[in-house]
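The values are calculated or read from the model by the stated rules, or taken from the named source; none is laboratory data. Predicted, not measured: the structure shown is a model, and the values here were computed from it. Cβ coordinates were reconstructed from backbone atoms using ideal geometry, including for glycine residues, and neighbour counts include every protein chain displayed. Just so you know, the surface numbers come from the protein's heavy atoms only, side chains and all, with ligands and any DNA or RNA stripped out. Shrake-Rupley method; radii C 1.70, N 1.55, O 1.52, S 1.80 Å.
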Amino acid sequence: MPLRSQNSNKARIEDFAATVAEIENTLRHLAATGCRGFDCSETSLKTIKTWGRKIPFAPETLKVIRNDLGDCRRCRLSGSRKNIVFGSGDPHAKLVFVGEGPGYEEDQRGEPFVGAAGQLLTKIIHAIDYTREQVYICNIIKCRPPKNRNPRPDEIKACAPFLERQIAAVKPDLICALGTFAAQTLLETQKPISKLRGSFYQYMGIRLLPTYHPAFLLRNPAKKRDVWEDMKKLMQALNQNSS
């Protein structure tokens, strides 16, 4: 085969591979934002025609995401909750704390980390020279599991797109994953928190530091020293990003 023909075929294959990759990335993005398919309406067709064009894109706001979540009935937890616990704090925070899920007090008030563990988290936040109003706090799941049992995989999966959208909307410099479920879910690993804590990882292109959950510290006060070491690393990273 002539060299020119070989090069032409290679170029076609590369173009096809690039097209397939672009389609796959687009579908993954749509799935992450909650899309489950398209109709053939004129609006949908116009949307498809814009793919590939360089058009201005306005990031979602937390308010839009909360409205989309609505009176969520996407998993069984909706049957036992009192309130959806979406998140709270600065919508443009440099630091996001992600916990496991709401407890009793959080379910009653509709706010994250307001019980005993929340009071300890507030002290931890103050110790790194921030306030709750300066950070953003949310959870892997938005509804309290009955009797505070561990979240189930399908419950985590139902909430995952909304958590991803929250983090994308806030665009923090750093994420602190609080406890086993938060760290394992965000990092897609089964490693215990004792092995994960103290090191930085990547989540959605953002540096993530796992540490022990405040509720665990209430039961194991001796581990507070480990968390303080983690917080010093977090402060150093925040200062580096600010300079």
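In this structure, residue 178 qualifies as touching a residue at least 60 places away in the same chain (Cβ under 8 Å) and not acidic (Asp, Glu). Of the residues making up the range 87-95, none is over 30 Å from residue 242 (Cα atoms), modelled with pLDDT of 95 or more and under 19 Å from the mean Cα position of the chain (by Cα). Quick one: would you say residue 131 is under 24 Å from residue 61 (Cβ atoms), hydroxyl-bearing (Ser, Thr, Tyr), touching a helix residue (DSSP H, G or I) at 6+ places or on another chain (Cβ under 9 Å) and without any contact (Cβ under 8 Å) to a residue 60 or more places away in the chain? Yes; evaluated as a whole, the condition is true for this residue. Answer with yes or no whether residue 116 is of a type outside the set (S, T, N, Q), loosely packed, with under 15 Cβ neighbours inside 10 Å and modelled with pLDDT of 95 or more. Yes, satisfied.
Does at least one position in the range 184-198 carry a residue that is open to solvent by 80 Å² or more (accessible area, probe 1.4 Å), within 16 Å of residue 97 (Cα to Cα) and of a type outside the set (Gly, Ala, Ser)? Checked against the condition, which is being open to solvent by 80 Å² or more (accessible area, probe 1.4 Å), within 16 Å of residue 97 (Cα to Cα) and of a type outside the set (Gly, Ala, Ser), the range 184-198 yields no hits at all. Only a single criterion out of (1) more than 29 Å from residue 241 (Cα to Cα); (2) outside any helix (DSSP H, G or I); (3) open to solvent by less than 10 Å² (accessible area, probe 1.4 Å); (4) of a type in the set (A, V, I, L, M, F, W, C) is not satisfied by residue 72, namely (3).
For the list (1) in contact (Cβ under 8 Å) with a residue 60 or more places away in the chain; (2) within 24 Å of residue 78 (Cα to Cα); (3) out of contact with any helix residue (DSSP H, G or I) (no Cβ under 7 Å at 6 or more places or on another chain), I need the number of the one condition that residue 237 fails. That leaves (2) as the condition not met.
Residues in the range 86-111 that are in a loop (DSSP other than H, G, I, E, B) and touching a Gly at 6+ places or on another chain (Cβ under 6 Å) were compared, and the one that is most open to solvent (accessible area, probe 1.4 Å) is 100.
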